[in-house]
Amino acid sequence: MTHGDERRPTDGDVGGSGDDRYAQLAAKLLAEQQQECPRQDVHRDAVIAAMALVVAGRRRRRWVVGGASALVAAAAVVLLVRSPAGNESAANPARAASPAPESTLVVEHETGHGNLLVRAAKTSPLPDLGVLAAGDSVRSGPDSSATLAFPNGTRLTLSPNGQLRIDDLGATRRFSLLGGQLQAHVAKLGRGERFIVTTPDSEVEVRGTVFSVAVEGPTPSCPTSSSTSTVFVSEGGVWVRSRAKETVLVPGETWITPCQELRAPAQAVAQAGQAGVGMGGVGSPLAADPSARVNKGSARPPAAKASAVRAVKQTSPSEVSKFAPVAAAPAPALSSLTSAPSPVSSLAEQNDLFSDAMAAERAGLHDLALIKLDDLLTRFATGPLSESARAQRERILSAQNSR
Amino acid sequence: MAESIPKLQIVKSGQPPPLSSESLDDARLVAALRSGNSRVGGAFYDRTAPVVRRTVHRLLGSGDNDFDDLVQVAMIEILRSLDRYRGECSLDTWASTISANLVYKHIRRRGLERTIFSRELVPEDMPRSLQPRPVLRAMVERVMLHIRQMPHDRAWAFLLHDVHGYSLEEIARITGTTVAAAQSRLVRGRHELHRYIANDPDLAGGLEALEEQS
């Protein structure tokens, strides 16, 4: 008899030996003599009532977070509509056979009533808690949004007037954003797993991050372009591939499709050759090129980073005016929340500081290590690495005193 | 002027009916709860409560007064921990591990005098025909007597792994230690129990006779 009645463990490295033969026999005896639970379940309703309070608490927390995010949304980016109806034909209509549990994509949450599911060329209302498969497309209405979730915690929120096609739910999870805005919160991926969102003009690949991507039609600043994609990274990092170029975005950075009118293709290729992967870094050719439109937050501190993001909006008046009607339009609070990019995370910066400090310590540069740790503790006193930083600082100081 | 006659109209309730566990697979259940959908509370209970009850019963014993409280606390804890559930193991395994962790902490908290090792193996109300043979019952009690002499952590590692079938990773999670430590406790626990039984010729002979019979 085993827990959950599923299996005996297969820990081959802890198999019994001759020295514990009686222990093995005793375990077998105890397992065989266990009795099934004889108690009657008389508290079902009471337990369910208690559980309902917890579930209600979760819902309230979501709304509190939503309200806060909605405030941020007023100054933030976003979206649009462009819905090429013909794209459904490109989707793989074959439904994946019995997906693995961790690959199951479920409609977790909906707002409004205009969300649609397009499956095998048939359109139907998006089912609450419905399971989606490769080949399906989800369309959100003008006043509705949908959140799709994987069991590992990855969540995709499609804002109003969005269209998302699910291309692949295997080791590579691939989605096509055909219109509107998608906010993705991607849980850490396992070995061999990939998470990719493609737009008509670019491809965004992530490994455990929070980002949003939006697609819009021709803009006043780039009237000949059929679509423009905007990617904003809140946490982690993403690779954006567009027109044979790859750009790495870090938290606080926004990438916008380069306008072809502003930049000759030959020039773009030449710059791609110069910059290579990681060209989004400070001082890189791409960062300096206004047509590439990578808007960077300053590396630190976080407050300055947030200011930089706001400054980006101010320096792009055409984009601000373009988004203004959307921001002013009446919309449910939750849909406002879903269209807001998450606040910029400082986790990467904290990690960098801690890593730098440890590298300096290993190299024998104790003073530099202390400076880095002090910097970390000063700016992120309550951060997740603060305790480790304090411990390392004490250790270095003790070692210095003993020397 | 005709007087307007009030009309009574029956309208459909806005409250959708609760969903049953049969109509939802685990992924949809988890997604619904993560999104705060209280309609699936009953379905989630029916899905996971049997595993929780079974786990608590096996680790705590059948006659324990804390049984119902622990089941309820375990159900709440499973709900609260859903954000950490990544679908890498089955919902059964997740629920069982969390329940076992609660029982582990509960027993440690309330003291060693009332522990897993003093549990009542055969419920009083069990029909006589279903009860184990007296000789087997005596052997089980003898084994439990020896296990009670072992250090707590080693005894837990032995029971969780060899009797209840938890993996080392799960034992590490349940007991709040590392996999290496859990493995060390398990190996030492086995050796220790083997020594105790080897020094108890009656029990050792009985176990060997049982093995030969099977």
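Take region A:117-151 and flag every residue that is surrounded by fewer than 17 Cβ atoms within 10 Å (Cβ to Cβ) and under 18 Å from A:LEU177 (Cβ atoms). Within region A:117-151, just A:PRO142 meets the criteria. Residues of region A:218-233 being over 14 Å from the mean Cα position of the chain (by Cα), modelled with pLDDT of 75 or more and either more than 10 Å from A:PRO200 (Cβ to Cβ) or of a type in the set (A, V, I, L, M) (or both), which ones? A:THR230 - this is the single residue of region A:218-233 that is over 14 Å from the mean Cα position of the chain (by Cα), modelled with pLDDT of 75 or more and either more than 10 Å from A:PRO200 (Cβ to Cβ) or of a type in the set (A, V, I, L, M) (or both).
When the helices (runs of 4 or more DSSP H) confined to region B:106-214 are screened for residues that are modelled with pLDDT of 85 or more and over 18 Å from the mean Cα position of the chain (by Cα), those reaching at least 3 such residues are found at B:134-149, B:179-198, B:201-213. Pairs are defined by a Cβ separation below 6 Å, a sequence spacing of at least 6 or placement on different chains, a first member in region A:41-64 that is facing chain B (nearest Cβ under 7 Å) and farther than 18 Å from B:VAL30 by Cα, and a second member that is assigned to a helix (DSSP H, G or I) and modelled with pLDDT of 70 or more; the pairs so defined are A:HIS43/B:ASP68. Among the residues of region A:114-164, those identified as assigned to a strand (DSSP E or B) and within 13 Å of chain B (Cβ to nearest Cβ) are A:VAL131, A:LEU132, A:SER145, A:ALA146, A:THR147, A:LEU148, A:ALA149, A:ARG155, A:LEU156, A:THR157. For region B:68-87, filtered to residues that are facing another protein chain (nearest Cβ under 7 Å) and without any contact (Cβ under 8 Å) to a residue 12 or more places away in the chain, the residue that is surrounded by the fewest Cβ atoms within 10 Å (Cβ to Cβ) is B:ARG80. None of B:LEU203, B:LEU136 is surrounded by fewer than 20 Cβ atoms within 10 Å (Cβ to Cβ) and closer than 23 Å to B:GLY61 by Cβ except B:LEU136.
Residue check: is B:GLY41 modelled with pLDDT under 85 and assigned to a loop (DSSP other than H, G, I, E, B)? So B:GLY41 does not fit the description; no. Of all positions in region B:46-62, at least one carries a residue that is on the phi > 0 side of the Ramachandran plot and modelled with pLDDT under 80. Can you name every residue in region A:376-403 that is surrounded by 13 or more Cβ atoms within 10 Å (Cβ to Cβ) and not in a helix (DSSP H, G or I)? Within region A:376-403, A:PHE380, A:GLY383, A:LEU385 qualify. Evaluating A:LEU189 against the criteria (1) hydrophobic (A, V, I, L, M, F, W, C); (2) within 14 Å of another protein chain (Cβ to nearest Cβ); (3) assigned to a strand (DSSP E or B) leaves one unmet condition, (3).
Considering only region B:55-66, state which residues are touching a residue at least 12 places away in the same chain (Cβ under 8 Å), facing chain A (nearest Cβ under 7 Å) and part of a helix (DSSP H, G or I). Once the filter is applied, which keeps residues that are touching a residue at least 12 places away in the same chain (Cβ under 8 Å), facing chain A (nearest Cβ under 7 Å) and part of a helix (DSSP H, G or I), region B:55-66 yields B:THR55, B:ARG58.
Looking across region B:148-158, just one residue is surrounded by 24 or more Cβ atoms within 10 Å (Cβ to Cβ) and touching a residue at least 40 places away in the same chain (Cβ under 8 Å), and that is B:TRP156. Would you point out the residue of region A:25-40, among those that are in a helix (DSSP H, G or I) and more than 7 Å from every other protein chain (Cβ to nearest Cβ), that is modelled with the highest pLDDT? Restricting to residues being in a helix (DSSP H, G or I) and more than 7 Å from every other protein chain (Cβ to nearest Cβ), the top hit is A:LYS28. Scanning region B:179-214 for residues that are more than 9 Å from chain A (Cβ to nearest Cβ), within 15 Å of A:LYS28 (Cα to Cα) and among the acidic types (Asp, Glu) returns a single hit, B:GLU212. Once region B:38-67 is narrowed to residues that are in contact with a Lys or Arg (Cβ under 8 Å, 6 or more places away or on another chain) and among the polar types (S, T, N, Q), the residue that is surrounded by the most Cβ atoms within 10 Å (Cβ to Cβ) is B:SER62.
The values are calculated or read from the model by the stated rules, or taken from the named source; none is laboratory data. Just so it is clear, the structure is predicted and the values come from calculations on it, not from any experiment. Quick reminder, even Gly has a Cβ in these numbers, built from the backbone with ideal geometry, and neighbours come from all protein chains shown.
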